[in-house]
Amino acid sequence: MEQKAAAPAIARKTLIGQRIKKPDAPDKASGKTRYINDMALPQMLHGKVLFAGRPHARIVRLDTSAAEKLPGVHAVLTGKDAVGLNFGFVRDNVPLKSIVRCEHDEIAAVAAESEDIARQALKLIEVEYEDLPGIFAPEDGARADAPLLRDNFPGNKSLHFAFKHGDVAAAEAASDFIVDSVFRPHHVTHCCMGTSCAIADFDDNGKLTIWTQSQYPYNYKMDLAPALGIQPGDIRVIQPPVGGAFGSKLDVYPYEPIAALLAKKTGRPVKVMYSREEEFKASPTRQPAVIHMRTGCKRDGALTFRSADVLLDNGAYTSWGPTIPVIMMRTTSGHYRVPVVDFKAQAIYTNNPYAGSFRGYGNVQTTWATAQQMDMLADMVDLDPLEFHIKNAQKSGEYTPQKSFLRECALAECLEAAGKASDYSRKRKEYAALRETPGRYKKGIGLASSIHNAGGAKIHKSDGIGTILKVDDYARVTVISGASEIGQGIDAVITLIVAEELGVPLEHVTLVNNDSDIAPWDVGVHASRTTFIAGNGTRRAAQKAKAQILQSAEKFLGEAAETLELRGGHVVRDACGTPLIKLDRLLRQMHFQDEPELVMVTDYYEPKSEPEGASHISDHSAAYSHAVHVAEITVDTLTGEIEVDRITVAQDVGRVINRMGLEGQIEGGIAIGLGYALSENMQLERGLLKNPSFRDYKLITAPEMPPLDMHFIESDCAEGPYGAKGISELPTIVIAPAIANALYNATGVRLFDPPLAPEKVARAIADLRQSRP
Amino acid sequence: MSVEIEIRFTLNGRPVSARIGPTMKTLTLLREQFGLSGTKYACGEGECGACTIRVDGKTQNSCLMFAADCDGREIVTIEGLKTPAGMNPVQKAFVEHGAVQCGFCMPGMIMQADYLLGNNPQLTRQEAQRGLEGNLCRCTGYTKVLDAVESVARQKCCGQC
């Protein structure tokens, strides 16, 4: 062996927990990345959609003849072209409508040689409507005398869910304190910086290729097929880089089948891309709800029961939004040790825009309620909320009433870490004492926590992922993974894990994950699952490749495979790090021998979790996690403005994999949660959106982002890759009620309806002051 | 019948010309006639900063600027920040500090950060926050963006810390 004498030893070092750059960051920072919005294909036509612009109406007359005659127009489609192409969760949607059920209903679509021509063509379409009375609140739709919006959904009910555990009446009777409140989480929307876009093209065998922002490419085929009347197998899904998703691309929305129907009709590729105004009006929202929640406890602070009666505003169609009770009930039953639970939810059709999934998926709304009621109960019992939370915190090895198994539970550690780092208990007392003293500016501190699935969620029959991994003759590794990248950083995590297992430089790993004809099955980017699921899949595939390589090394080197390791691009002796052969050289020897072999492995990883099931009693995730936020705020009692001064975060992350990515996910998740808490609000008046622009719909900006003090609690999850848990939704879930609790600490005002906008806060403070003797 | 105007200007250091309609916006001109797709459309009304470019040394929202106004100007886009030696220090800092997630807003964010740092090499974090107020990002919560900007400001102040 050429290197055996003098080569220096290669020390063992781990990448787990290091700060790894996103592999796609350089191209994104230099403007080189071609997003779907930037793409154009030869012969491509531009599609535009005519929206109804009214919430509920019959179409009396629809004349597209002038639009069809406009030079440059290649196709005009209407509801007549989409009859029977029903799609969606309960098949209540069609790509183009014959009856108007909400403002953004798609009435007609045009394909033309330019966007300008398509836009002109839309103006030439004549439509006469007969407006119908609408339903704009779920309470109104649930009334016995409410008009029926759909013949086949009695009582305007689309979906309903229930879970019961124990005797609520008895638990209520045994409670010393009960809080009873109604929370009204509002309409907000994802605001992806890259607007919705799809490009569709049929080949002459009738197979569709769709370039899409989808974050769930495989089930997407199944969901898209009925909207086109084709087979899922005849759809190829390509996922170019996207400008954000956050759950908004976890379903099929009408513009996608519209692009495909226009492509079919014209025989040319068609691109549909929304303007920002269209994006605001036609995108899914976070699910609004009316949550009537009751929580009880004993005099000593021990929780006795929690009940929630939830009415969801389904909107006009049923997407993922009304399915959020699946997670809402897990939080209702599993946020702290709740011995008795009664949860029920129903979704009511209205003529409002409809909700999809959005980072936090029902838990943002539920934690807004549970975390405020925890704070209120602590006050009634006269315990420091931190102490009250710790007293009721679950511990490792406990089950929730729905049989979520909290194998590694670090809730108490998170509470202690956040409480200590923020000096919560002292500040809370101090600020409460200053509440009634004179002075315009009041400081407040608030604590909130939540629980979320952190090892996927088996809401489909499978929650698994396929991985293909090859190592070529130059020791370059290609990972072909089902895991989608939507900006969250699975590219960095997969690269890191491969480099960790195979001892190759990070730059020598390539990820292919954007083509459903190439990459194997995955459920999609949702449920905080990708680092956990794809991380495990990647690690298992890399370990298989490593075993094959070391077996061959044993043959070539005459040293036992168990004593060898891959490090620094070499095969080394594990014990001393002495390099024995360069990896690429070994790979070529393997390839060019008498019995040649290539390193190409496959893996299918299915997490050990149970399907959700109709009873909702199942361990539906392979792991669960908690996070605690402490928000410190200053309230201007005159204007009602809330400034967030500092946020302390303690989160059970299982194990840090890519520290930089983890921090980024928490920071970004909190920014979305802050917008939800403070400023974001879709102002709907009788189903019409009044603020479809960034001027009037306020996202958090750089000056509003407070400093964060982050504490990662590493509970070392037995099922997670290297011990890691999923992390990305909890930051969005927990922050809003922490701010609401801080507002109470600062002013005595308790608000149940987000956002905590200045005018609302100022009015509540004024009302409270007036009501005092 | 629409009138076409001929304009001449400097684009990323090179003299160029274009024939344009009078209502065309600079964003459209850059993306559609010059293929410079790094400059992004995200709102079309000057609220989000994703289309930020440099015009005669100052940053502007290219979605609001008529293309006709490019005539005689010096325009720099995100593609023009890179030199033959590689990315400029601001671009590098954004990559190193993890400021890029989906990255869609980043060209505009980097153009604005580069402009701020060019004007004030010792930019503080607070000044950077104010200066980037017009650039929306939905992914990052701005923290790592500000870390990146601060790191460049530190390099420029003494190169030691």
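Things to note:
- Residues of the range A:630-655 satisfying the condition of being more than 18 Å from A:PRO731 (Cβ to Cβ), open to solvent by less than 20 Å² (accessible area, probe 1.4 Å) and in a strand (DSSP E or B): A:VAL635, A:ASP636
- Residue that is open to solvent by 30 Å² or more (accessible area, probe 1.4 Å), within 31 Å of the chain's Cα centre (by Cα) and of a type in the set (Asp, Glu), where the choices are A:GLU139, A:GLU172: A:GLU139
- Pair list, Cβ under 7 Å, 6 or more apart: the range A:669-694 residue more than 25 Å from A:ALA631 (Cβ to Cβ), other residue outside any loop (DSSP other than H, G, I, E, B) and open to solvent by 30 Å² or more (accessible area, probe 1.4 Å): A:LEU689/A:LYS281; A:PRO692/A:GLU277; A:PRO692/A:LYS281; A:SER693/A:GLU277
- Residues that are free of Cβ contacts under 8 Å to residues at least 12 places away in the same chain and open to solvent by 30 Å² or more (accessible area, probe 1.4 Å), drawn from the range A:224-239: A:GLN231, A:PRO232
- Spans of helices (runs of 4 or more DSSP H) in the range A:216-288 with at least 3 residues within 20 Å of the chain's Cα centre (by Cα): A:217-228, A:276-282
- The residues of the range A:751-773 that are farther than 14 Å from A:ALA677 by Cβ and crowded, with 16+ Cβ neighbours inside 10 Å, listed by number, are A:ALA762, A:ALA764, A:ILE765.
- Residue within the range B:30-49 that is more than 10 Å from chain A (Cβ to nearest Cβ), at pLDDT 95 or above, open to solvent by 30 Å² or more (accessible area, probe 1.4 Å) and touching a helix residue (DSSP H, G or I) at 6+ places or on another chain (Cβ under 7 Å) present: no
- The residues of the range B:10-29 that are of a type in the set (A, V, I, L, M, F, W, C), open to solvent by 10 Å² or more (accessible area, probe 1.4 Å) and away from every other protein chain (no Cβ under 14 Å) amount to a single one, B:VAL16.
- Restricted to the range B:69-99, and to residues there that are outside any helix (DSSP H, G or I), modelled with pLDDT of 95 or more and more than 15 Å from the chain's Cα centre (by Cα), the residue that is surrounded by the fewest Cβ atoms within 10 Å (Cβ to Cβ) is B:GLY72.
- Sole exception among (1) at the interface with chain B (Cβ under 10 Å from one of its Cβ atoms); (2) open to solvent by less than 40 Å² (accessible area, probe 1.4 Å); (3) touching a strand residue (DSSP E or B) at 6+ places or on another chain (Cβ under 8 Å) for A:GLU704, by number: (2)
- Residue check for A:VAL49: over 30 Å from A:GLY487 (Cβ atoms), among the β-branched types (Val, Ile, Thr), at pLDDT 95 or above and assigned to a strand (DSSP E or B): no
- Residue check for A:GLY673: under 20 Å from A:GLY362 (Cα atoms), open to solvent by less than 10 Å² (accessible area, probe 1.4 Å) and within 14 Å of chain B (Cβ to nearest Cβ): yes
- Scanning the range A:29-61 for residues that are in contact (Cβ under 8 Å) with a residue 12 or more places away in the chain and under 30 Å from B:GLU96 (Cα atoms), we see that the one that is surrounded by the fewest Cβ atoms within 10 Å (Cβ to Cβ) is A:ARG34.
- Within the range A:243-265, the set of residues being among the hydrophobic types (A, V, I, L, M, F, W, C) and open to solvent by 10 Å² or more (accessible area, probe 1.4 Å) comprises A:PHE246, A:LEU250, A:LEU261.
- Filtering the range B:125-151 to residues that are part of a loop (DSSP other than H, G, I, E, B) and either surrounded by 21 or more Cβ atoms within 10 Å (Cβ to Cβ) or in contact with a Cys (Cβ under 6 Å, 6 or more places away or on another chain) (or both) leaves B:LEU132, B:ASN135, B:LEU136, B:CYS137, B:ARG138, B:CYS139, B:THR140, B:GLY141, B:TYR142.
- When the residues of the range B:102-124 are filtered to those that are under 10 Å from B:VAL149 (Cα atoms) and touching a Pro at 6+ places or on another chain (Cβ under 9 Å), the one that is most open to solvent (accessible area, probe 1.4 Å) is B:ASP114.
Here's the yes/no breakdown for (1) among the acidic types (Asp, Glu); (2) at pLDDT below 95; (3) within 28 Å of A:ILE327 (Cα to Cα):
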site: A:LYS429; (1), (2), (3): no, no, no
site: A:ALA433; (1), (2), (3): no, no, no
site: A:PRO438; (1), (2), (3): no, yes, no
site: A:LYS442; (1), (2), (3): no, no, no
site: A:ALA454; (1), (2), (3): no, no, yes
site: A:ASP463; (1), (2), (3): yes, no, yes
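- Strands (runs of 3 or more DSSP E) fully within the range A:103-181 counting 3 or more residues that are out of contact with any Gly (no Cβ under 6 Å at 6 or more places or on another chain) and closer than 30 Å to A:MET44 by Cβ: A:106-112
- Scope the range A:164-219; condition within 14 Å of another protein chain (Cβ to nearest Cβ) and either among the aromatic types (Phe, Trp, Tyr) or under 30 Å from A:SER618 (Cα atoms) (or both); matching residues: A:GLN215
- When we screen A:CYS197, A:CYS102, A:CYS192 for residues that are under 21 Å from A:VAL83 (Cα atoms), crowded, with 16+ Cβ neighbours inside 10 Å and not polar (S, T, N, Q), the only hit is A:CYS102.
- Residue check, B:ARG154 facing another protein chain (nearest Cβ under 9 Å) and surrounded by fewer than 19 Cβ atoms within 10 Å (Cβ to Cβ): no
The values are calculated or read from the model by the stated rules, or taken from the named source; none is laboratory data. Computed from a prediction, not measured in an experiment: that's the story for all the values here. As a convention, Cβ positions derive from the backbone with ideal geometry for all residues, glycine included, and neighbour counts pool all protein chains shown. Accessible surface areas use protein heavy atoms only, side chains included; no ligands, DNA or RNA. Shrake-Rupley method; radii C 1.70, N 1.55, O 1.52, S 1.80 Å.
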